[in-house]
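Each remark here refers to the structure printed beneath this line.
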Amino acid sequence: MASAAAVSMLPRPPCIHPSPVASSASLLLMCTLPFRRRPLRCSSAAYAVLRDDTALVPISAIGPVNDDKSIFEITLDLSSAPEFVASYTTPGQTVTTSVPSSGLRAAYIEIASAPHSGPQFDLLVKSVPRTTAERLCKLSVGDQVELGAVMGQGLPINDIKEAETVLYFAVAEGLSPIRALIKSGLRNNVSLYYGARNQEAVPLQEELDEWQKTGVNVIKVLTEPVQHPFLRDPNPIVKNPKSTVAVLVGPIDLQQEVKKALTGLGVPVEKILTIAQCVRGRARQ
């Protein structure tokens, strides 16, 4: 975000959306862009309201969640910010996140914890050089993070609950909204395809193993693009196309190839949902 003395428009956050050919009645996440305003002063070290939709909150836990330490889990203490907790209602919503006085643009990050799971947000953050994401990963417990408003309508929970087949595709920190869904109890009839460059890059391995034990079909894809095992033989998985929902969190080739395969099988286009991976926040130009 901009400094307290500057006024600038934030870049557009990533959006959840069905295929671009879907009708206006189909599921679409519309994101609004606030302007930066001069902050109000606050004496609290733990929680400072900057304006109605931003706040400073402390980190209560932080650390790498994969062996190569490229992805961190950051837990933010929102005990003094109940309005932020209340505004997160549905997996797939994002929150703007920045490091005060860093001079870097805000990062837009999907929340990785389930809604209504307590006064905290869990974020999965991939460290990328010269970005807010990198700065976030270098912080410590007690350091403050500036949050903006929780954005978006989130994913269509009822569609996912009612589907006979649910497909999740994700790479890197794209696991965040999938994790929020699974932690919300949406794990029946689910196959999760997760891609990483090698085993050391896979985050939350113990958690993935636990999901496997409780009914989620977890397919780790390490030597090829994450969509390829599905594309080779999708028919046994998609038994009833009209009752199939897919959530795709990853690069454009993943989204395009899986969409093409699913629509070819007869899956309604509005049931194929994509989430652009987080905008990590680079230096201002």
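Quick look at the values:
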item	result
Per-region count, region 199-235, residues closer than 27 Å to Ala261 by Cβ and basic (Lys, Arg)	2
Tally of residues being part of a strand (DSSP E or B) and within 18 Å of Asp253 (Cβ to Cβ) across region 166-191	5
Region 120-161, subset of a type in the set (Lys, Arg) and in contact (Cβ under 8 Å) with a residue 40 or more places away in the chain, residue most open to solvent (accessible area, probe 1.4 Å)	Arg130
Filter pass, Glu73 being of a type in the set (D, E, K, R), modelled with pLDDT of 90 or more and under 20 Å from Ile178 (Cα atoms)	yes
Residues (of a type in the set (Asp, Glu) and surrounded by 15 or more Cβ atoms within 10 Å (Cβ to Cβ)) located in region 248-277	Glu257, Glu270
Residue match in region 228-242 (condition: under 19 Å from Arg179 (Cα atoms), touching a strand residue (DSSP E or B) at 6+ places or on another chain (Cβ under 8 Å), aliphatic (A, V, I, L, M) and surrounded by 14 or more Cβ atoms within 10 Å (Cβ to Cβ))	no
Unique residue being touching a Ser or Thr at 6+ places or on another chain (Cβ under 8 Å), more than 17 Å from Gly250 (Cβ to Cβ) and assigned to a strand (DSSP E or B) when the list is Gly154, Gly148	Gly148
Extreme residue, surrounded by the fewest Cβ atoms within 10 Å (Cβ to Cβ), among residues of region 93-103 that are polar (S, T, N, Q) and in a loop (DSSP other than H, G, I, E, B)	Ser101
Failed criterion for Tyr194 (all others in (1) of a type outside the set (S, T, N, Q); (2) surrounded by 14 or more Cβ atoms within 10 Å (Cβ to Cβ); (3) assigned to a loop (DSSP other than H, G, I, E, B) hold)	(3)
Criterion: open to solvent by less than 40 Å² (accessible area, probe 1.4 Å) and within 20 Å of His116 (Cβ to Cβ) - qualifying residue of Arg179, Arg187	Arg179
Count of region 225-275 residues which are free of Cβ contacts under 8 Å to residues at least 24 places away in the same chain and either β-branched (Val, Ile, Thr) or outside any helix (DSSP H, G or I) (or both)	3
Selected residue (only one of Ala112, Ala106, Ala81 is crowded, with 24+ Cβ neighbours inside 10 Å, at pLDDT below 95 and aliphatic (A, V, I, L, M))	Ala106
Options Gly154, Gly148, Gly103: the member that is over 28 Å from Glu200 (Cβ atoms) and touching an Asp or Glu at 6+ places or on another chain (Cβ under 8 Å)	Gly148
Residue ID - farthest from Ala172 (Cα to Cα), chosen from residues in region 197-214 that are without any contact (Cβ under 8 Å) to a residue 60 or more places away in the chain and open to solvent by less than 50 Å² (accessible area, probe 1.4 Å)	Trp211
Matching residues in region 67-78 - criterion: being open to solvent by 10 Å² or more (accessible area, probe 1.4 Å), within 20 Å of Val141 (Cα to Cα) and in a loop (DSSP other than H, G, I, E, B)	Lys69, Ser70
From Val190, Val128, Val166, residue being in contact with a helix residue (DSSP H, G or I) (Cβ under 7 Å, 6 or more places away or on another chain) and either of a type in the set (Asp, Glu) or under 26 Å from Pro234 (Cβ atoms) (or both)	Val166
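The values are calculated or read from the model by the stated rules, or taken from the named source; none is laboratory data. Quantities reported herein were computed from a predicted structural model and do not represent experimental measurements. For neighbour counting, all protein chains shown are included, and Cβ atoms are generated from backbone atoms with ideal geometry for every residue, glycine included. Just the protein is used for accessible areas: all its heavy atoms, side chains included, with ligands, DNA and RNA removed. Shrake-Rupley method; radii C 1.70, N 1.55, O 1.52, S 1.80 Å.
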